[in-house]
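Worksheet: the structure to be examined is printed underneath.
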Amino acid sequence: MDIAGITLKNPVMPASGTFGSGQEYSGFVDLDRLGAVVTKGVSLVPWEGNPTPRIMETASGMINAVGLQNPGIEVFIRRDLPFLRQFDTKVIVNVCGSTVADYLGAVERLSVQGIDMLEINISCPNVEHGGIAFGQEPRMVEYITKEIKKKAAQPVSMKLTPNVTDITEIAKAAEAGGADALSLINTITGMSASGKRKKPETACSVRHFLIKYPYGVLP
Ligand SMILES: Cc1cc2nc3c(=O)[nH]c(=O)nc-3n(C[C@H](O)[C@H](O)[C@H](O)COP(=O)(O)O)c2cc1C
């Protein structure tokens, strides 16, 4: 199977963030059998993530607001990448950032041997732009894709957020920016609320809600 010129021996790969950076699950899953490992999001500097609770079970599934906790790119390159390279599987590194400069710095730093593809998580809030996610504005998506393509040493897959009115507009913007592939889809925004108390059930869902809708504009 080919994606953006990279040949995978099969199409099986974990969704970013559900498999750590590979090592955590290697006792349960033979990594040699996967087409690729998609890593947890990595950022230029370490991110602490959200306060707990971060995960909540609901009647219809699980909601989470981990907040992209990760030890930063230097630890990833020194510790996680050499571990992954021992296996016969492709390595797709998921990248997150809070500013355009964050993404570009991370992408540039990842220009090292042993990474087959970059997956860019553009569901992160853009702190220079009122907190709206990068991936919710077509013009921003085209711009950031173009800038990332200038720096990237590997093929670039733009991971789209479903939390938009028309995802095809966003997909076309990523294509116009030069994306080599698209990854669909990131987390659907959710909140578990108590009908009785008329309040969100957990701190994590409150926080998630505030991050996604910084001006209190309800969906
Ligand atoms: C615990 C958890 C952590 C996640 N972390 C990331 C992440 O670091 N980067 C990312 O792009 N997506 C992350 N995701 C989103 C998933 O990769 C996936 O896109 C999302 O869960 C939608 O797929 P699903 O509908 O099959 O759950 C995470 C999801 C979960 C449940």
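The values are calculated or read from the model by the stated rules, or taken from the named source; none is laboratory data. As the structure is a computational prediction, the values presented were derived from the model and not from experiment. Quick reminder, even Gly has a Cβ in these numbers, built from the backbone with ideal geometry, and neighbours come from all protein chains shown. These accessible areas exclude ligands, DNA and RNA; they are computed on the full protein's heavy atoms, side chains included. Shrake-Rupley method; radii C 1.70, N 1.55, O 1.52, S 1.80 Å.
Annotations for the structure displayed:
- ³J(HN,Hα), Karplus 6.51/-1.76/1.60, whole Hz, each residue of region 82-94, x for Gly, Pro: x, 4, 4, 5, 6, 9, 8, 8, 7, 10, 10, 9, 7
- Straight-line reach from K40: taking Cα to Cα under 27 Å and skipping same-chain neighbours fewer than 8 places apart, the lysines in range are K9, K90, K146, K149, K150, K151, K159, K172, K212.
- Considering only A174, N163, F83, and ranking their Cα positions along the charge dipole of the chain that arises from unit charges at the beta-carbon of Lys, Arg, Asp and Glu, the one farthest toward the positive end is N163.
- Positive dipole terminus of region 2-212, leading residue within N64, P14, S26 (C-beta point charges): N64
- 5 angstrom amide H check on V42, placed H, neighbours 5+ away: N94, V95, C96
- Under Karplus coefficients 6.51, -1.76 and 1.60, residue-wise ³J(HN,Hα) of region 24-35 in Hz, glycine/proline x: 4, 9, 5, x, 9, 10, 6, 5, 5, 8, 8, x
- For the peptides 87-94, 54-61, the ranking by mean Cβ contacts within 10 Å, running from highest to lowest, is 87-94, 54-61.
- Our summary gives region 2-212 a relative contact order of 18 percent, counting only alpha carbon pairs under 8 angstrom and 6 or more residues apart.
- Projected over all directions and averaged, the alpha-carbon convex hull of the chain occupies 12.4 nm².
- In order along region 8-13, the Karplus-derived 3J(HN,Hα) couplings, from 6.51 cos²θ - 1.76 cosθ + 1.60 at θ = phi - 60°, round to 9, 6, 7, x, 8, 8 Hz, and Gly and Pro are given as x.
- Within the chain, percent of DSSP bridges classed antiparallel, to nearest 5: 40
- Cα-centred dipole magnitude for the chain, charges only on beta-carbon of K, R (+1) and D, E (-1), debye, nearest 20: 540
- The apolar share of the surface of the chain, taken as the fraction of accessible area on carbon and sulfur atoms (1.4 Å probe, ligands and nucleic acids excluded), comes to 55 percent.
- Amide hydrogen proximity for W47: with H placed 1.01 Å from N in the peptide plane, the residues at 5 or more positions away or on another chain lying under 5 Å are N70, G72.
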